[in-house]
Structure formats: C-alpha cells, structure tokens
Amino acid sequence: MSKAVDSFMAELIAKNPAEPQFHQAVREVAESVMPIVETTPAFRQAKILERMVEPERVIMFRVPWVDDKGQVQVNKGFRVQLNSAIGPYKGGLRFHSTVTLGVLKFLGFEQTFKNALTGLPMGGGKGGSDFDVRGKSDLEVMRFCQAFMTELFRHIGPDTDVPAGDLGVGGREIGYLFGMYKKLRNEFTGVLTGKGLDWGGSLVRTEATGYGTTYFAEEMFNLKGDSLKGKTCIVSGAGNVALYTVEKVTQLGGKVVAICDYDGTVHDPAGIDAEKLAFTKDLVFNRRGSLKEYVAKYKAGWIEKSQPWSIPADVAFPCAAENTLNGDDAKTLLKNGVKAVVEGANMPSTPEAIEAFLAAKILFAPGKASNAGGVATSGLEMAQNAMHLAWTREEVDMRLHQIMKNIHKTCVDVGREGEWVNYQVGANRAGFLKVANSMIAQGVV
Ligand code: 2IT
C-alpha cells in the first residue's frame, strides 16, 4: 500500500471522523488513482483529490411529521451535493434507519464516478433520511415524504440537483415527493427521476439497474468468448435491483437459484423462472411480504437469517446493501468455483472480499461500473423530460444496453493488466479522469 494513500487517508479520517463507509469508499478510489495523481503535476497542484472528497454542499434538516396515532415524529433529512463538475447533482434518496451523513457521503462519492462513467452529463449527489418505510402505513409514508420535500424543494431543480430512489424509495415515494415539489414550485419539471409512466417517467427505469448489471456481466463473459447462458447464478437482495437482475439473467439463459431478504435466503435449485418471478414481484412490490411465502408456495429451500454466498454458483450478484459480502463469504465463493462477482448494489463487497477476488483474478465488477444502468436511465428520463417527449421501450433499452457496453469497454481499455482486466482500477481511473479534468478546466471553484 502506498505511503501517499496512507497519509491522504490519515488526514481524511481526522477531518471526517466516525464515517467508516465514507473512508472505505475514498480509500478504494485513492488506491486506484494515486499513481496518476502522483505523476501528474497539474492534479497535485490543483489539490484535485482533496477537493473531490469535500462535498460542494451538505444540507441537513429536520423532518417533523405526525404518525397514525397522532404522535409527532422527528427524522433527520439530508442532501449531500458532492460534485457538479460534469452536470447537475444526480443521485438517489435513501430512506432507512441506517442512514447517516457518512453513509450518504460514501454513496454520493461513488455516485460521482459512476455518473461520469455513464457518459451522460450528471454530477454526483445523494440524500435521504433515517426514516424506515418498513412497518409504516401508506398515509404515514405520504406525510413523511411531503414533510421531507417541504424543505428539500428549495435546494433542488431540473438543472440544479435531480434526486431519484434508492433503498426505501421506490415509485410510491417518488410520487408523493413529486406531488409536493410540484405544488410548492407550481412547476411540472423533471426534478426527480423514477417517476410513474403516466406522469413523466421513462420506460425501463424500474428495470434498468438490474438489466444493466446483467448486460455488464454478459459483456464480461463475451470478452472471454463465453456468456451467461447455462450459468448458475446467486443474487442477494429481493428489491428492485435483485429481481430485475433475476429477470434479465433468466432471459439470457442463466439460472438463478437464490435470492434473499431480511428474513433469509430462498434456495431454489430448479431456478427462479418467469412464473416464480412474477409471484415474487407481486409479493415484494405490492404486498410487501416476506420471501418465506415463496418457500411455502414453491417448496424451495430456506436458510434462515442468511445470505446466498454458501450456495455453489458460477456468478454471484450482490444486489442488497453495502458491506454484505465479507472476506469469509469471498473465500467460500472462490472455494466453490465462482467465475464472476458482479455488483448490483453500491459497495456490497468489503475491502477484504475485493482483495480476495482480485488476487484470484476472477471477473470482478465494482458497482460503480456494473450498477450504473439505473442512474444512466435516470439520465435518459431527464433527457426525455427536457424534450417533452417519451421514447419507446425499445429505444430506452437499446440506449441502456449501449451505455453498459461503453462502460464495459472503458473499464477494459483503462484497466487491462495483460490477459486479465482489473475492472476496479479501470472504473476508478476512468471516472476520476473525467471529473478531475472537468474540475481543472473550470478553475479553482
Ligand atoms: O445508486 C444509484 O445509482 C441510484 N440509487 C440511482 C440514482 C439515480 O439518480 O437514478
């Protein structure tokens, strides 16, 4: 490990204490890009890394609301505007009890590089609240979203900052947030993405992160003259990203044998086919139920309070949350002969897990490259909104597919190490260079 990274990190940690996820995300990028920074006087002189890790602006606010019992509740609200060098701030909102400033800084930092990789003009941002949608009634969620937007609206706009969904924020929440924004501003614009199809949303946005992750995996195999066809796959999570990964993998001829939620892992050796997936989507998205119902209905295996990493597979798709695949999980996957690990979530693999994958030289795709299809399609939604028109499903899917191919090619071009591709280094360096050069062109601001 380089001395320059160590001293940079020591200063970052001293200045930003108690934000371990942010430290982790920065270290991962710093390790990839420090060799470029050290050998490029213009980057050193511009203090480019020091500037990148300092958000341009952080907004923190109180979100008071009234629950169904008439009790006043108070949550924290945040929007972290990380970097606007290449476009308006862009990134999701996360509503979950684990949300802290440090978590959102890590997500906004990742988002900045991810958005740069898409090739679309989007800066990096992230926001959210420690509000947990689980266990809340629909009306409570609506009142919370409205309260949240009564402060957020003054900081965002279609050319300023365009939030979207993340964990805990799906179509329902975006609807309530958009309704309140429109009322406060008296303006119907593309200020949020992930909107409903009848009111400015884009076709394929819901499916985009999972589809994009799968397209990326297919590209990785294609480069080696192989494909997902016939591959046994395991997926963690049972949300938007996970279930549309299952859908696309199955369409491309792979077999998904596991998914998981907070309660445990479904192990279905026969594979989660289209009919079972339709049931699961209804269970998760409409009825907000537990995967235990899948087990009862389809007589599948169940591993209580566990993730799928112990199940032998060719490909693992971590599509849940950060740090949900650790060093021991990585060893188990490698022992079982995993060929590829393709991240659908943001930073799901711990540093120890990544180290193990890179040492074993398997195919490893970091989330900022492989899960970029979601935000890329948000970018396509912004473009359609700005033009006041809507593209067909084929048009959006074709563009998403092309963007994922381009990101893959960029990672290969920048990250090739002999016969093997270090996608981690490729993604970090390519994203960094675009943002760094844009910042330098715009002066010290
Ligand atoms: O992590 C992500 O890329 C997202 N949650 C999607 C962000 C977006 O603006 O669509």
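Ranking Arg143, Arg134 by solvent-accessible area of protein heavy atoms (1.4 Å probe, all protein chains present), from largest to smallest, gives Arg134, Arg143. Under the combined filter of DSSP loop state and at most 14 neighbouring Cβ atoms within 10 Å, the stretch 34-71 retains these trypsin sites (Lys or Arg not before Pro): Lys47, Lys69. Just list whichever of Lys255/Lys305; Lys3/Lys331; Lys126/Lys361 have alpha carbons separated by over 25 Å in the model shown. From Lys255/Lys305; Lys3/Lys331; Lys126/Lys361, over 25 Å: Lys3/Lys331; Lys126/Lys361.
Please work out whether the stretch 191-320 counts as rounded, prolate or oblate from its C-alpha gyration tensor, where a ≥ b ≥ c are the square roots of the eigenvalues and a/c under 1.5 means rounded, while otherwise a/b larger than b/c means prolate and anything else oblate? The partial results should precede the final answer.
Numbers: a/c = 1.92, a/b = 1.07, b/c = 1.79.
The shape class here is oblate.
Specify whether the C-alpha gyration tensor of the stretch 1-107 places it in the rounded, prolate or oblate class, a ≥ b ≥ c being the square roots of the eigenvalues: rounded for a/c under 1.5, otherwise prolate if a/b is larger than b/c and oblate if not. Here the stretch 1-107 falls in the prolate category. A 1.4 Å probe run over the chain, with the rest of the protein chains in place, finds 40 Å² accessible per residue.
Determine the relative contact order of the stretch 115-207: mean sequence separation of Cα pairs under 8 Å and six or more apart, normalised by residue count, in whole percent. It would help to have the intermediate numbers written out before the result.
Working: 83 pairs, mean separation 22.7, N = 93.
Relative contact order of the stretch 115-207: 24 percent.
For Arg416 and Arg57, a Förster radius of 45 Å and the Cβ-Cβ distance give a FRET efficiency of 0.75, rounded to the nearest 0.05. Here the chain has 53 percent of its accessible surface on carbon and sulfur atoms, given a 1.4 Å probe and all protein chains in place.
Across the chain, the mean sequence separation of Cα contacts (distance under 8 Å, 6 or more residues apart), normalised by length, yields a relative contact order of 15 percent.
Taking the average, over residues, of other Cβ atoms within 10 Å as the packing measure, peptides 165-177, 296-308, 320-332 rank 165-177, 320-332, 296-308 from highest down.
With the cut-off at 1.5 for a/c, could you classify the stretch 276-418 from its C-alpha gyration tensor as rounded, prolate or oblate?
Because a/c hits 1.5 or more and a/b fails to exceed b/c, the stretch 276-418 counts as oblate.
Quick check on the chain: helices-only [θ] at 222 nm, where DSSP H runs of length 4 and up contribute -39,500 (n - 2.57) each and the sum goes over total residues. Nearest 500, please. Before the final figure, lay out the partial values.
Details: 17 runs with 217 residues, N = 445.
That calculation yields -15500 deg cm²/dmol at 222 nm.
Filter Lys297/Lys335; Lys69/Lys105; Lys90/Lys195 down to the pairs with a C-alpha to C-alpha distance above 22 Å, please. Flagged as over cut-off: Lys297/Lys335; Lys69/Lys105. So for the stretch 276-318, Kirkwood radius off the Cα pairs, Stokes-Einstein at 25 °C and 0.890 mPa s: how many µm² s⁻¹? So the translational diffusion coefficient is about 208 µm²/s.
Of all DSSP beta bridges in the chain, what percent run antiparallel (nearest 5)?
Values: 26 of 47 bridges.
For the chain, the DSSP antiparallel bridge percentage is about 55.
To the nearest 0.05, how large is the calculated FRET efficiency for Thr98 and Glu394 if R₀ is 51 Å and r is the Cβ-Cβ distance?
Details: r = 38 Å, r/R0 = 0.75.
So the FRET efficiency works out to roughly 0.85.
Normalised by 2.2 N^0.38 Å, where N is the number of residues, the alpha-carbon radius of gyration of the chain equals 0.93. Qualifying GluC sites (Glu not before Pro) in the stretch 333-436, where qualification requires a DSSP coil assignment and no more than 12 other C-beta atoms within 10 Å, comprise Glu419. One Cα centroid belongs to the stretch 56-106, the other to the stretch 248-263; the line between them spans 31 Å.
If you stretched the chain out fully between Ala10 and Ala441, how much longer would it get, using 0.36 nm times the residue separation minus the C-alpha to C-alpha distance? Let's see the in-between values first.
On the way: separation 431, 0.36 × 431 = 155.16 nm, distance 2.87 nm.
Taking Ala10 through Ala441 to full extension adds about 152.3 nm, to one decimal.
Normalised by the number of residues in the stretch 295-445, the average gap of Cα pairs under 8 Å and 6 or more apart makes the relative contact order 16 percent.
The values are calculated or read from the model by the stated rules, or taken from the named source; none is laboratory data. Keep in mind the model is a prediction, meaning the values are calculated, not measured. Reconstructed Cβ throughout: ideal geometry from the backbone, glycine too, with neighbour counts over all protein chains shown. Ligands, DNA and RNA are stripped out before the accessible areas are found, and what is left, the full protein with its side chains, is counted by its heavy atoms. Shrake-Rupley method; radii C 1.70, N 1.55, O 1.52, S 1.80 Å.
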